[in-house]
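Here is the structure we will look at.
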Amino acid sequence: MKTFMDEADALLPRYRSLADALNSGDETSSLDIAQGMRTRLIKLHETIDLISKRIMAIGVQSEDPVSPKQIRLQKSVRQFASGYLQGNMIAMVPLPSPKQLQQLQEEKKRAQAERTRREREEAQRAAERVKQMQLQQRREQISTSPVRLSDVQRTSDEADTHHRSNSDNPRRSRALSGSGWQPTVNPNLDNDLETKDPLEIQKDMLINYIEQAKAAGRLDELAALREALDDIEYQLEGKMW
């Protein structure tokens, strides 16, 4: 009886692990192997039960009387076997039928697909948040650079004041005076922020501003913008070394 119990004790954990996997919809586990293990366990339990019953029956129909000690020992063996079998039978997880197994596997596939979809969406949202943070950082780098529209506006206002107070040509003075000149910002700036160095973007902005200043005849702003461009190009050259 001890030999059969040892075999059952070694087989039961393997069976439970396989049964749990099948009941969770695992496609790599074999239902046939699990059924074979279950059949073997049931056979071992039946054998243990039969042996314990035979031990209990020793001396029952014998003409020779059995001692009380022998009877207690036989009862103890039977009780131990009964308790062992009850515990093992409870631990034997039921197996799904082939149809149930197919349904479990399909449900697991759907759950995995849904989990993958949610993880992909979350990863996309996280990547978009990182992208927006990087763009914001680049915008802040550009906004704190030597070239800002407010600087150009201030230069424009100073130029208008200068022209109004010192020009010998009233008509030209009136043409240059007013609310101040301001260049137009490149609408593709946000696209450049994703791929280009902030200094390179500032350089492109300055070149564009210079072209606008030339077209508008803003000589004072043109000089200031060229000076700022020289400064940016100097910084770019420093980064190359």
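Please treat every number below as a calculation from the coordinates, not as lab data. Bear in mind that the values here come from a model prediction, so they are computed numbers and not experimental data. Cβ sites come from the backbone with ideal geometry, for glycine too, and all protein chains shown count toward neighbours.
Report the full-extension gain for the segment Ala127 to Gln61: residue separation times 0.36 nm, less the Cα-Cα distance, to one decimal in nm.
Working: separation 66, 0.36 × 66 = 23.76 nm, distance 8.34 nm.
Here the answer is 15.4 nm.
The Cα center of the range 1-68 and the Cα center of the range 202-241 differ in position by 89 Å.
Send over the per residue convex hull volume for the range 28-144, Cα only, as a whole number of Å³. Could the numbers behind the result be given before it?
Numbers: hull volume 17.5 nm³, N = 117.
Residue-normalised Cα hull volume stands at 150 Å³.
The residues packed around Gln112, meaning those with a beta-carbon under 14 Å from its beta-carbon, carry a net charge of +1 if Lys and Arg are +1 and Asp and Glu are -1. Using the Cβ-Cβ distance between Asp32 and Gln112 with R0 = 30 Å, the FRET efficiency computed as 1/(1 + (r/R0)^6) comes to roughly 0.80. A convex hull fitted around the alpha carbon atoms of the range 10-87 yields 83 Å³ per residue.
Cross-link list Lys43/Lys109; Lys43/Lys75; Lys131/Lys214: which exceed 25 angstrom alpha carbon to alpha carbon? Kindly include the intermediate steps, with their values, before the conclusion.
Details: Lys43/Lys109 35 Å; Lys43/Lys75 23 Å; Lys131/Lys214 36 Å.
In this structure, Lys43/Lys109; Lys131/Lys214 exceed 25 Å between Cα atoms.
Label-to-label distance, Ala216 versus Gln102, with points set 7 angstrom from Cα along the beta-carbon direction: 7.6 nm. Computed from phi, the 3J(HN,Hα) profile of the range 108-113 under the Karplus parametrisation 6.51, -1.76, 1.60 (θ = phi - 60°) reads 5, 4, 5, 5, 5, 5 Hz, with x in place of Gly and Pro. Here the Kirkwood formula puts the hydrodynamic radius of the range 33-76 at 12.3 Å, using every distinct Cα pair. When each of the peptides 102-113, 208-219 is scored by the mean number of other C-beta atoms lying within 10 Å of its residues, the order from highest to lowest reads 208-219, 102-113.
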